[in-house]
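What follows draws every value from the coordinates through simple rules; no lab data is involved. Computed from a prediction, not measured in an experiment: that's the story for all the values here. Glycine also receives a Cβ, built like all others from the backbone with ideal geometry; neighbour counts cover every protein chain displayed.
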Amino acid sequence: MSSPEPGSPRPWLDRGELARLDPMLELLEQSHVSLSSVTEPSEARRIHVADSLTGLSLPEVKNANRALDLGAGGGFPGVPLALFLPGCDFTLVDSVGRKVEFMNEVISALGLENARAVKTRSEDWAGGEDRESYDLVTARAVAPLTVLAELASPLLKEGGHLVAWKGEPEPEEEALIADHSGKLAMEVVRRESVVPYPGSRERSLYVLTKTDPTPAGLPRRAGMARKRPLGRG
């Protein structure tokens, strides 16, 4: 095995392993869909891939069997995690059809058999047969933590986990979740500080646990979690 690439997202991933994501980065650069302001492959590898793969440091991620990526957009973190966690089935959901088409193109290019992208809202998905069926929900740069907790709760099994990729700590959001734990059946377990790449600003991985069966009334109608978040009037 070759030496880890300088600034490698995780020290056990060498250049050859990271190169497996090159087809995704090439498609990202070529895409005409508005997916990210960072599309140049070396920068996307340094920022998007490195940030996504910090999740591999968490046992809640590494040990998952069935995962859903909320608002998956350009496929981060869901696609990189699916590539390096072949024993976990990933569903990537987004409400924008062109983004879903891009993700499915990437999934095909990488030959991933454990991932699929679906055009839907998470609230609608949680109202179907996949309700309370996931042991992991991931979300990166999607919404405030309270909103993510509400969206994840009806998707997760009791004892399942939400892992949210965030920037600086969000103590106000943590307090709101604690105040509304009965309505969410979710609690913040911990926040882990990570440095995905040299020179990056502070990044956090929040880990929340589904503590009880999904409370009545969840999910709310599509869009309501964002329009009228709990504790904000």
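Structure values in brief
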{"item": "Where Cα atoms sit under 21 Å apart: lysine pairs in the chain separated by 8 or more or lying on different chains", "result": "11"}
{"item": "Extended-chain gain in nm, criterion 0.36 nm per residue less alpha-carbon gap, residue 178 and residue 133", "result": "13.8 nm"}
{"item": "Relative contact order for the range 157-206, counting Cα pairs under 8 Å that sit 6 or more residues apart, in percent", "result": "45"}
{"item": "Sites residue 108 and residue 212, calculated FRET efficiency, Cβ-Cβ separation with R0 35 Å, nearest 0.05", "result": "0.35"}
{"item": "Approximate spin-label separation residue 98-residue 189, in nm, with each point projected 7 Å along Cα-to-Cβ", "result": "3.8"}
{"item": "Percent of beta bridges antiparallel (DSSP, the range 58-227, rounded to nearest 5)", "result": "40"}
{"item": "Size of charge dipole - the chain - debye, nearest 20, with Cβ of Lys, Arg +1 and Asp, Glu -1, no other charges", "result": "440"}
{"item": "Kirkwood Rh (inverse of mean 1/r, distinct Cα pairs), the chain, angstrom", "result": "17.8"}
{"item": "Selected from 106, 142, 49 as most flexible by GNM, with the chain as the system and alpha-carbon contacts under 10 Å", "result": "142"}
{"item": "Selected from 155, 21, 184 as most flexible by GNM, with the chain as the system and alpha-carbon contacts under 10 Å", "result": "21"}
{"item": "Cα-based Rg / Dmax (Å) for the range 49-149", "result": "12.5, 35"}
